[in-house]
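The structure under discussion appears below in the form of structure tokens.
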Amino acid sequence: MPPAELRYRQFLKKLKQFGVVEIRSRGKGSERYLLRPRDPGSLKGPSYTIRCHGQGDRVKAGTMAACLRRLNIDSNEFWS
């Protein structure tokens, strides 16, 4: 069962296990650009932008679910 919310740094740490990288320079303002490259070193693949004012921000369950869907990550595999 997924938690109601996670800190941004915890969520990003779990995403990195699936090859997701954070590209801070591509987000606008307080947005962070998350990318799951198809090939190593590539900038092509599914992406998602997420609001982040700091590493301690809380990411809600709905935002996490939308991010996982957009990045083509199975939620059961992510939470196991």
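The values are calculated or read from the model by the stated rules, or taken from the named source; none is laboratory data. The shown structure was predicted, so the numbers you read here are calculated from the model rather than taken from an experiment. Note: ideal-geometry Cβ built from the backbone for every residue, glycine included; neighbour counts use all protein chains shown.
Pairs needed: first member in segment 56-80, free of Cβ contacts under 8 Å to residues at least 60 places away in the same chain; second member anywhere, aliphatic (A, V, I, L, M); C-beta distance under 6 Å; at least 6 residues apart or different chains. So the pair list comes out as Val59/Leu6; Ala61/Ala4. Being surrounded by 12 or more Cβ atoms within 10 Å (Cβ to Cβ), without any contact (Cβ under 8 Å) to a residue 24 or more places away in the chain, outside any strand (DSSP E or B) and charged (D, E, K, R) is a property that does not hold for Arg9. Could you tell me whether any residue of segment 31-50 is closer than 18 Å to Gly19 by Cβ, among the small types (Gly, Ala, Ser), at pLDDT 90 or above and not in a loop (DSSP other than H, G, I, E, B)? Yes; the residues of segment 31-50 include at least one that is closer than 18 Å to Gly19 by Cβ, among the small types (Gly, Ala, Ser), at pLDDT 90 or above and not in a loop (DSSP other than H, G, I, E, B). The set of residues in segment 51-64 that are loosely packed, with under 13 Cβ neighbours inside 10 Å and not in a strand (DSSP E or B) comprises His53, Gly54, Gln55, Gly56, Ala61, Gly62.
Going through segment 65-80 one residue at a time, which ones are part of a loop (DSSP other than H, G, I, E, B) and of a type in the set (Asp, Glu)?
Filtering segment 65-80 down to residues part of a loop (DSSP other than H, G, I, E, B) leaves 71-74, 80.
Of everything in segment 65-80, just one residue is part of a loop (DSSP other than H, G, I, E, B) and of a type in the set (Asp, Glu), namely Asp74.
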